[in-house]
Amino acid sequence: MTAPVKTMVFPMVLLKLVDWLLYQFLGNSCYRAAMKVINHGFFLKNTSIKSSSSSHQIPLYPSVTKCQFAWQKIPNTCGSIFRAFLLLLSCPLLLVLDYELKLRVMIFITFCGLRLEDMDSVSRAVLPKFYLENLNFHAFEVLDSVGSKVVFTSVPRVMVEGFLKEYLNVDSVKGTELHKVGHYFSGLVSSSGLLIKHRALKDLFGEKRPDIGIGTSSFHDHLLISLCKDAFVINKEESKSSANSVMPREKYPKPLVFHDGRLAFFPTPFATLAMFLWIPVGLVLAIFRLFVGICLPYKMAIFLGISSGVNLRIKGRAPLRSQNGKGVLYVCTHRTLLDPVFLSTSLGKPLTAVTYSLSKMSEIIAPIKTVRLTRDRKQDGETMQKLLSEGDLVVCPEGTTCREPYLLRFSSLFAELADEIVPVAINTNVTMFYGTTASGLKCLDPIFFLMNPRPCYSVQILGKVPKELTCAGGKSSHEVANYIQRQLAHALGFKCTSLTRRDKYMMLAGNEGVVQDNRKKP
């Protein structure tokens with residue numbers, strides 16, 4: 001997306017500003033600066049890659065589709081509704097400001113009072129998903145084939161540096177530096193001011209010209225790429241019309257297994273406006289759906305839930321009653337906190353669920369019995385054995401949720417407790433809000449999931465694991481856990497990983513994901 005310049009007509013300026021402002025209401029106070037990443041330039045230095053074009057007249061720059069590397073938009077999530085409101089109020093002012101003042105105002109509203117650690121969390125946990133999903137595949141191929149890579153951007157460097165270096169192996173990132181006061185951003189740029197890209201290039205390279213320069217069609221980027229031996233301009237319309245320009249997941253330079261943030265859609269202006277119009281309706285609908293699931297009988301709950309827009313897909317049948325007098329152990333993939341609830345509703349019978357970490361709110365509203373575990377293997381094993389002797393039990397051995405098509409490593413404890421194990425392949429699909437979070441309020445997870453216009457839950461009940469493939473058949477608990485993980489991955493079309501709950505929370509939240517139980521013990 002091209003940054004507006006003074007010569008642009010008013011409707012285009014208004015569209016860009018509305019686009020940018022609406023993004024703020026998504027809880028993305030950091031996004032405002034990231035939107036200006038569109039005003040970027042990429043410089044690739046490799047003598048082995050040469051272009052046939054040598055003209056540097058602006059109208060003659062070839063399309064970047066012949067040698068491209070670009071993001072269309074780069075959203076972000078962090079901040080508050082208050083910041084979003086201030087950004088909305090600033091809209092009339094932004095209309096009359098020039099490029100530099102406009103960017104300074106947006107940076108100030110975005111970063112003033114923002115903690116450094118919050119920005120670090122967003123750049124690590126939220127931004128990579130949006131960057132990767134909007135990374136042009138052909139551009140990445142060019143980038144991946146060159147040697148030294150330098151990125152110039154007018155936006156704050158902290159917005160993009162982590163992703164560029166970790167995922168794309170960029171050697172250096174030159175961007176606007178921000179002023180800091182202790183552990184907070186002041187909202188002002190540093191004494192060096194906003195980065196002027198063509199000047200930054202001259203300072204870095206001196207008289208030596210970079211081999212390839214790629215930029216947008218903005219005036220600022222034309223000044224920049226004119227200093228390169230070969231230059232290319234990003235043609236947004238051409239990229240949109242080409243299906244091959246989309247970066248396929250299997251080609252990601254680094255697998256995207258974990259990410260955070262509530263938004264499940266790319267926040268275009270119209271999609272964002274639709275979200276705000278939907279929120280009041282969605283909140284009422286979520287409360288209604290919760291009431292239905294908690295208070296009404298299973299058949300009526302399914303009927304009213306489906307009538308309200310919940311898409312529940314059930315495949316398979318409940319197994320026959322256990323012959324050894326104990327309950328059946330259901331082993332599920334873990335997509336949201338509602339997994340055991342939807343399984344219980346699908347089976348039409350009460351189940352007991354065990355969990356390691358559960359907010360007090362989630363525990364109160366749960367329509368089925370939930371029991372906390374302690375992470376003491378012996379004690380937890382005894383607890384689960386007792387619960388199995390009383391009835392059917394649900395366990396999610398991944399230990400935490402995962403949004404992407406991957407399965408985390410299964411804890412093997414469950415395999416030691418039962419001979420009658422039923423794997424259940426659970427998957428979800430949302431269009432507006434994710435019903436999980438690593439660093440936010442977990443008690444709101446069910447609300448956010450049920451606020452989606454058409455939340456989808458897929459419950460596939462597989463057959464009982466053959467006895468010869470259980471511990472009773474001579475298999476080790478690890479072999480059983482790995483076998484069931486592969487079976488569920490195959491049913492869902494997912495990939496197995498050796499990643500754990502700890503890996504997820506260390507990456508997304510900087511902690512081990514343990515919810516402290518402060519209740520007094522008898």
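The values are calculated or read from the model by the stated rules, or taken from the named source; none is laboratory data. Every value quoted in this text rests on a predicted model; they were computed, and no experiment measured them. Note that we place each Cβ from the backbone using ideal geometry, even for glycine, and neighbour counts take in every protein chain shown. Note: areas computed on protein heavy atoms with side chains; ligands, DNA, RNA excluded. Shrake-Rupley method; radii C 1.70, N 1.55, O 1.52, S 1.80 Å.
No other residue among Arg262, Arg249, Arg209 is out of contact with any helix residue (DSSP H, G or I) (no Cβ under 8 Å at 6 or more places or on another chain), modelled with pLDDT of 85 or more, surrounded by 14 or more Cβ atoms within 10 Å (Cβ to Cβ) and not hydrophobic (A, V, I, L, M, F, W, C) apart from Arg209.
Close Cβ contacts (under 6 Å, 6 or more residues apart or on different chains) running from residues in the stretch 119-133 that are of a type outside the set (Asp, Glu) to residues that are open to solvent by 10 Å² or more (accessible area, probe 1.4 Å) and part of a helix (DSSP H, G or I) comprise Met119/Val158; Ser123/Gly162.
When the stretch 143-168 is examined, which residues are found to be of a type in the set (A, V, I, L, M, F, W, C), more than 22 Å from Leu194 (Cβ to Cβ) and either in contact with a Pro (Cβ under 9 Å, 6 or more places away or on another chain) or surrounded by fewer than 22 Cβ atoms within 10 Å (Cβ to Cβ) (or both)? Correct list: Val146, Leu168.
May I ask you to verify whether Met275 is open to solvent by 20 Å² or more (accessible area, probe 1.4 Å), modelled with pLDDT under 95 and aliphatic (A, V, I, L, M)?
In short, no.
The set of residues from the stretch 291-317 being crowded, with 17+ Cβ neighbours inside 10 Å and closer than 22 Å to Lys442 by Cα comprises Val292, Gly293, Val310. Among helices (runs of 4 or more DSSP H) entirely within the stretch 264-371, having at least 2 residues that are in contact (Cβ under 8 Å) with a residue 12 or more places away in the chain and in contact with a Gly (Cβ under 8 Å, 6 or more places away or on another chain) singles out 269-295, 298-307, 339-347.
Residues in the stretch 345-388 that are crowded, with 16+ Cβ neighbours inside 10 Å, of a type in the set (S, T, N, Q) and out of contact with any Cys (no Cβ under 8 Å at 6 or more places or on another chain): Thr345, Ser346, Thr352, Ser357, Thr370, Thr383. Looking only at the stretch 318-329, decide whether some residue is modelled with pLDDT of 90 or more, closer than 30 Å to Gln385 by Cα and buried (at least 20 other Cβ atoms within 10 Å of the Cβ). Within the stretch 318-329, one or more residues are modelled with pLDDT of 90 or more, closer than 30 Å to Gln385 by Cα and buried (at least 20 other Cβ atoms within 10 Å of the Cβ). Highlighted here are the strands (runs of 3 or more DSSP E) found entirely within the stretch 99-198 that include at least 1 residues which are under 20 Å from Asp221 (Cβ atoms) and of a type in the set (Gly, Ala, Ser): 148-156, 172-176.
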